[in-house]
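The values are calculated or read from the model by the stated rules, or taken from the named source; none is laboratory data. All values reported here derive from a predicted model rather than from experimental measurement. Note: ideal-geometry Cβ built from the backbone for every residue, glycine included; neighbour counts use all protein chains shown.
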2 protein chains.
Amino acid sequence: MSSQDIDGDIVLIGAGTIGLSFAALHLQHQSAVKLKIVDPRPDLEFYVTETLPKYLPDNQKQLARSLTLTSDLASAVQNASIVQEQGPENAHFKKRIWEEIEKHAPKNALFWSSTSGIPASVQNERMMDKSRLLVVHPYNPPHVMPLLELVPSPETSEDLIQQALSFWRRRSREPVVFKKECTGFVANRLAFALLREAIQLVNEGVVTVEEVDTIVQSSMGPRWAVWGPFKSYHAGGGAGGLEGFFKNIGGTVQACWDEGGKVNVGEGWEEKIFKQAQDAYGVVDTQKRDKMTSEVLGAVADAKEVRQQVWK
Amino acid sequence: MSSQDIDGDIVLIGAGTIGLSFAALHLQHQSAVKLKIVDPRPDLEFYVTETLPKYLPDNQKQLARSLTLTSDLASAVQNASIVQEQGPENAHFKKRIWEEIEKHAPKNALFWSSTSGIPASVQNERMMDKSRLLVVHPYNPPHVMPLLELVPSPETSEDLIQQALSFWRRRSREPVVFKKECTGFVANRLAFALLREAIQLVNEGVVTVEEVDTIVQSSMGPRWAVWGPFKSYHAGGGAGGLEGFFKNIGGTVQACWDEGGKVNVGEGWEEKIFKQAQDAYGVVDTQKRDKMTSEVLGAVADAKEVRQQVWK
């Protein structure tokens, strides 16, 4: 792999939502003939032709026709620079496929799994060279959302992490490298903690599902699009920073923690909350969501640029 | 109070950050002579003249000079339509001040507390007519952030809640009425649950304070600015909605919940995390934050408008 970019193919294993979203991202940055998608589904060509254009901007929809589709893993990876896996979330499947990929791919190809929960240290069990595997977990859909969680196993090579970092930064993504593996990685852990509290408050009858969403959309959503929670509370503490914040209202924070975090999956809140969500939202249009999210990300980027030019 | 808007004065008790931010919001919607600020601090005039213009747009900074400042509560509230309290977070203070305000304000004036934690059912203890008091809790700073949590006590009059709702909607805010009181209200409960998980993950050495912020800013921040958590996960479940989401990955969600929510205030994580925040951010400029947040809110509003015009 050159220091500037890659020479060989990008091979995506699995043509689900994540796979096609990554395909859209790669196609916008990469000569299209270098992108291959491997999936055993019999209607692969029809499915990709139907779905992939939805992820591409209006003036680039023709890109969806110019990639290679195949069910033959062994030959697909032969000239790979990057193999990116988003197959079934099943440890056995992932162990087997990396063993197979390693047999056929070039020695310097990068191996990335999009798993949302099976750590590289589990997936690499049958690999000859365990240092090659890295989790690159996106926030769905990756062609819109900038975050990529890079979660190495203890064996992953530092050099291969750096190559992944450079690759994603050249594509204007936000890769974050974890110091160690953890259950669920970070973004989902954070979001699910808030979701748990939301479920509890709806279940207790304080507010409805839709009111929770209104609350988040008109407070911490836009705030955290700009400054994350630590920087926000560091600001909230005035001159004392985060320490000042906890000095002022640490008691209130702990009181909230003591009350919260009590619901679990399968404890009976499901029927009421699923029904509220269905009644409020029915079938949702994720293309609208993605268009609006892109505009928010654009507004933050513009504001940062103005800040650097004018305010600094 | 007329059905269109108010006839009398808006009286703000307390000239702290929240009080002046509300002043900026009211001044932009209200004849300035009708706004009064009550605060016993001896340097009140100097302080307000110095601080309030920072909260106003460039072409409206002169508004800061045209309001009434006083330390005389009894006469300030005599012609009030709305009395909005943001004094010390101290139950005794609040009980006493509402008792005093009720003696001097007109019978139909609305009484709102900006408290972040002392429920109306505690604050109203010494009031003759307990039905008049409503918590109207902002998300700081209220001249930027649209959310207002309207938290009635069991005694609060339904008619007075409706008047508060109309008032805030005419000012393009997002008021949400709670069905019951709860510890910390909802926005802080949700945000603090996520903060707790963030502290735990930094304390365990998975990522740093700054990396948590990067993660949130490039994933759930912009997403939740557009669609709150329930709508987002309802979409994540495809045709099955929120129920489908939990069917697919309820096990992962529970695994995350089992691992998380373990830190408490004063358990020794503080030094490391406060230092990381201080090293990463030092003194922050909240005017930059507010400008960027306003642009994000504008982008969401624009995108919604486009959606209604074109997509519907």
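Worth pointing out:
- Meets criteria (among the polar types (S, T, N, Q), more than 12 Å from chain B (Cβ to nearest Cβ) and over 19 Å from B:E204 (Cβ atoms)) for A:S172: no
- Hey, B:N203 at pLDDT 95 or above, in contact with a His (Cβ under 9 Å, 6 or more places away or on another chain) and not aliphatic (A, V, I, L, M) or not: no
- For segment B:80-89, taking the residues that are within 19 Å of the chain's Cα centre (by Cα) and either over 13 Å from B:I13 (Cβ atoms) or acidic (D, E) (or both), the one that is surrounded by the fewest Cβ atoms within 10 Å (Cβ to Cβ) is identified as B:E89.
- One residue alone among A:V177, A:V151, A:V136 is of a type in the set (V, I, T) and under 27 Å from B:V284 (Cα atoms), and that residue is A:V177.
- Residue match in segment B:57-64 (condition: under 25 Å from B:M145 (Cβ atoms), surrounded by 18 or more Cβ atoms within 10 Å (Cβ to Cβ) and at pLDDT 95 or above): no
Yes or no, residue by residue, for (1) assigned by TED's automatic domain parsing to the domain that holds A:A225; (2) closer than 23 Å to B:T208 by Cβ; (3) of a type in the set (S, T, Y); (4) under 15 Å from the mean Cα position of the chain (by Cα):
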{"residue": "A:P138", "(1), (2), (3), (4)": "no, yes, no, yes"}
{"residue": "A:E158", "(1), (2), (3), (4)": "no, yes, no, no"}
{"residue": "A:S166", "(1), (2), (3), (4)": "no, yes, yes, no"}
{"residue": "A:R173", "(1), (2), (3), (4)": "no, yes, no, yes"}
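- Of all residues making up segment A:197-212, the number that are in contact (Cβ under 8 Å) with a residue 12 or more places away in the chain and either within 7 Å of chain B (Cβ to nearest Cβ) or touching a Pro at 6+ places or on another chain (Cβ under 6 Å) (or both): 4
- Scope segment A:206-251; condition among the aliphatic types (A, V, I, L, M) and at pLDDT below 95; matching residues: A:A239, A:I249
- Unmet requirement for B:V11, which otherwise passes all of (1) of a type outside the set (F, W, Y); (2) surrounded by fewer than 21 Cβ atoms within 10 Å (Cβ to Cβ); (3) not in a helix (DSSP H, G or I): (2)
- Annotation: A:D72 fulfils all but one of (1) touching a helix residue (DSSP H, G or I) at 6+ places or on another chain (Cβ under 6 Å); (2) surrounded by fewer than 18 Cβ atoms within 10 Å (Cβ to Cβ); the unmet one is (1).
- Subset of segment B:230-240 that is of a type in the set (G, A, S) and crowded, with 16+ Cβ neighbours inside 10 Å - its residue that is nearest to the other protein chains (Cβ to nearest Cβ): B:A235
- Check on B:E259, in contact with a helix residue (DSSP H, G or I) (Cβ under 6 Å, 6 or more places away or on another chain) and in the same structural domain as B:V206 (by TED's automatic domain parsing): no
- Among the residues of this structure, A:Q276 does not count as one that is facing another protein chain (nearest Cβ under 7 Å), assigned to a helix (DSSP H, G or I) and more than 25 Å from the chain's Cα centre (by Cα).
- Every residue from segment A:99-115 that is of a type in the set (S, T, N, Q) and surrounded by fewer than 21 Cβ atoms within 10 Å (Cβ to Cβ): A:N108
- Lone qualifier among A:E259, A:E243 - being within 20 Å of A:G205 (Cβ to Cβ) and facing chain B (nearest Cβ under 7 Å): A:E259
- Exclusive hit being surrounded by fewer than 18 Cβ atoms within 10 Å (Cβ to Cβ), touching a Pro at 6+ places or on another chain (Cβ under 8 Å) and of a type outside the set (K, R), set A:L148, A:L194, A:L165, A:L134: A:L165
Here is a yes/no grid of residues against (1) free of Cβ contacts under 8 Å to residues at least 40 places away in the same chain; (2) charged (D, E, K, R):
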site: A:I82; (1), (2): no, no
site: A:K95; (1), (2): yes, yes
site: A:P106; (1), (2): no, no
site: A:E125; (1), (2): yes, yes
site: A:V144; (1), (2): no, no
site: A:P154; (1), (2): yes, no
site: A:W168; (1), (2): yes, no
site: A:R171; (1), (2): no, yes
